[in-house]
1. Just for the range 778-800: of the residues that are open to solvent by 20 Å² or more (accessible area, probe 1.4 Å) and among the aliphatic types (A, V, I, L, M), which one is nearest to the chain's Cα centre (by Cα)?
2. Among SER33, SER42, which is the only one that is in contact (Cβ under 8 Å) with a residue 24 or more places away in the chain and within 21 Å of ILE408 (Cα to Cα)?
3. So LEU777 fits all but one of (1) within 13 Å of the ligand (Cβ to nearest atom); (2) part of a strand (DSSP E or B); what number is the exception?
4. Do we have any residue at all in the range 39-51 that's out of contact with any helix residue (DSSP H, G or I) (no Cβ under 9 Å at 6 or more places or on another chain), closer than 27 Å to GLY366 by Cβ, open to solvent by 80 Å² or more (accessible area, probe 1.4 Å) and among the hydrophobic types (A, V, I, L, M, F, W, C)?
5. Being within 12 Å of the ligand (Cβ to nearest atom) and either without any contact (Cβ under 8 Å) to a residue 24 or more places away in the chain or buried (at least 17 other Cβ atoms within 10 Å of the Cβ) (or both) is the filter here; which residues of the range 801-822 pass it?
6. Residues that are touching a helix residue (DSSP H, G or I) at 6+ places or on another chain (Cβ under 6 Å): list the helices (runs of 4 or more DSSP H) wholly contained in the range 82-122 that include at least 3 such residues.
7. Being without any contact (Cβ under 8 Å) to a residue 40 or more places away in the chain, among the small types (Gly, Ala, Ser), part of a helix (DSSP H, G or I) and open to solvent by less than 20 Å² (accessible area, probe 1.4 Å) narrows it down to one of ALA578, ALA574, ALA546, ALA538, so name that one.
8. All but one of (1) within 15 Å of the ligand (Cβ to nearest atom); (2) at negative phi hold for GLY740; which doesn't?
Amino acid sequence: MTTIGLVVFGLVSLLALMSLLPPLAARLRLPYSVLLAVVGFSLGAIVSLRPDLAIPSPLLHDVIDALASIEISSEAFILIFLPSLLFEVAIAIDVRRLIDDIAPVLTLAVVAVVICALTVGIALGLASPYGLVACLLLGSIVATTDPAAVVGIFREVGVPKRLTTLVEGESLLNDAAAIAIFALLLEMLLSGGEGSIGGTIAKFLVSFGGGALAGFLMGRAACALFPFLGGWPQAEITLTIALAYLSFVVPEHYFHVSGVVACVTAGLVLGSTGKTRMRAHTFEQMEGVWGQLAFWANSLIFLLAAMFVPRIMEGTSLKEIGFILLVYLATLIARFVTVFVLLPLLTRAGLMQRINNRIKTVIVWGGLRGAVSLALALAVIENGAVPSSTRDFIATSVTGFVLMTLFINGMTLRPLVGFFRLNRLNPVARGVRDRAKLMTLTDVAGELSNIAQNEGIDREVADAALSSLEARLAVARARSHRGVELMAEEMVKVGLTVAAAYEVERCFSLLGGRIVDRRIAEMLLREAQHVREAVRAAGRKGYVAAAERGLGFGPALRFALWLQRNLRVERPLADALADRFEFLMMQRQVLSGLVPFARDRLQPLIGEESAGEIIRLTARRIEAVEGSLLALKLQYPAYAAALQRQYLGRIARQRESAAYQALAANLVVSGEVERELKAELEKHWTGLDERCKLDPELSAIDLVARVPIFRDLDIKRQQAIAHLLTPLLVLPDSPIVRRGDKGDAMYFIASGAVRVAVEPNGGSGVELGSGDFFGELALLTGHPRNADVRALGYCKLLALKARDFDRLLSHDAGLKARIEQVARERLNLG
Ligand code: CMP
């Protein structure tokens, strides 16, 4: 066989072996990585003993030869395997949660790596003759924790999701930080230990920050490309693979910033933004592909590294075993300090939730090291530029240490969790479990008796089957009543969490059906995710507060208003209003689906009372959304109608398309006919996805013509007046004039309504509407404003500045008289 032939043969033999390992690990109840290490170690031993072994089968002989021929260079290890490993974790992470907790995650990631590298580096530096830089390098290699074991257990145990994200995010970013530090230290080691501490820190920050920026930009660029690849899942998934590897290579090679950080950041961007840019099933498919790639990378790194172990460990001296033990001890102490000192400090600073000591202990003990540490160690072993004694030292210490964490911590983690009783469901989860069981068994019993009846199954047989079900049902019924009512508040929280998750789902399904375009879908998703987080953090209270906040006016709209008012730039305002309009309309659509969901799906699980509460809360939310929508509609009825038309069109398109798809799926029509029908459908609805343009209707001359006191003036005069007036839009419930302020302008209401709070404290005040004006008193009398004026809904106003007031009135005696008369009446009233 040729060399390449042998390598391929060796690799596929490994793949064949790998395919058997996950089920075997499950059967042996061993962590997968532990089994990999054992198998790899055994293979390594066989390969190195090969000449002395009598291998009966020539095929087996060749396989072992082939395995021996696999030599992967240090660069290949890093370049081939690391991007897959890191990118896969990054796309799966919940970025919103990560961003919410970015302070503790980053602190933990970076500070924990530094603590670990320093503890290990200094301890070994004192005990060994290899110099501080080499020891620190070793410290950075063993600082990368592998979260798989802890996260796996957390998922089973059901600790708060936030904690899982914290551990996962920490480990992802600490890989990035450790590798960035590793690269710097390696460079330092190779250059003979030059460079100041300050310089190294600055380099690290530039490398880390630059990498993050590069990864962000590349991730965004890839997401922007997806729409152009629409409908070709293979092309889209290929682009994600290119993104992972390009973001790893390009920033490092061309811009000299951290490729690892860039790769992780690009993965985070893709995981969060890509979901709305790709079709739903393409995203799932992509996750599958990445899961597969990461599985290969992880398994191969472990197997290949473990195969090295017999060679590395051959002739390990007592002293070297001492070093391994020292590394183990030092990392344990470093992790203990991080978790028991640093985390409480973060909690005290209000940056993260409190974690109980049992979970903290699990996090400390669960600091297994895995594929990344091994890959980095291999990178050093293979690096000819590093002195050979240092190479051996690093190789033995890291490998021995990784094996220790796997065998000692990995094998005892689960018993530890059991010992702390962390694997028990909490009472609320138990309540939900019991009710889920009750609901399901009831359905199954009903269905079973129907089937038995319809299909003529013997009575005795059916009765026997039913009675065994009945027995389980009786137990479930008894359990499901126990204590659940006591936890109504908790049940409402559970229900709200599920409802919020359903809300997110509905946003995706609206996007999938092209009922809503991507921009609005992203707004809806952001809102739904906020609500979900708020429920997690603060239950019902959090839900109500988040829902209210969601209806507030965001900074984008406020900035757009400012631009219109001060620079007369109208476009951003038109866009922001259009977005809000569509967002509200679609949000009502999303929420309206929650009521039947709570009634039909949640009620059996959380009880009538709690489901009723959720329906009430949802109804209140719908009411608030409708109120906001109505306010906009009053001001822009034509736009509302255009949006509704578009909405109905999109629904029609989606239903029609789904119907064709169903016909094809049921084999009633062929794929060809389906494509033809769909093409015709698309043609019919061309233009449906174009954005409806909103006219903010803020032209001064148009508004002047609508104000009664200007209406009868001739057009020339109207134009002159329009010149002096600034049109502006005011948001509902925002203040326009404040009592006690100096008067700088008066206002004519072109449309909308305001409330004048005449009495300082209380009183319902006076309402003014289209055609009325206010703010004239301060200009006429020179006194401060004598009342507060607030917008009731959206108002279009024409502002007349104080300096233009006299100019306008001096030209028009009738206008002057009218304003003065109204002012006199108001003063008399006051
Ligand atoms: P100014 O004092 O500049 O600011 C507050 C404004 O509220 C005031 O001008 C009037 O335009 C308006 N205002 C005050 N009192 C009344 C009232 N009784 N009825 C209607 N508008 C009023």
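The values are calculated or read from the model by the stated rules, or taken from the named source; none is laboratory data. Quick caveat, the model's predicted, so the values are computed rather than measured. Counting neighbours? That spans all protein chains shown, and the Cβs are built from the backbone with ideal geometry, glycine included. Heads up: the accessible areas ignore ligands, DNA and RNA and are worked out on the full protein's heavy atoms, side chains in. Shrake-Rupley method; radii C 1.70, N 1.55, O 1.52, S 1.80 Å.
1. LEU792
2. Unique residue meeting the criteria: SER33.
3. (2)
4. No, the range 39-51 contains no residue that is out of contact with any helix residue (DSSP H, G or I) (no Cβ under 9 Å at 6 or more places or on another chain), closer than 27 Å to GLY366 by Cβ, open to solvent by 80 Å² or more (accessible area, probe 1.4 Å) and among the hydrophobic types (A, V, I, L, M, F, W, C).
5. If the condition is that a residue be within 12 Å of the ligand (Cβ to nearest atom) and either without any contact (Cβ under 8 Å) to a residue 24 or more places away in the chain or buried (at least 17 other Cβ atoms within 10 Å of the Cβ) (or both), then PHE805, ILE819 are the ones that fit.
6. Helices (runs of 4 or more DSSP H) meeting the threshold: 82-92, 95-100.
7. Only one candidate qualifies: ALA546.
8. (2)
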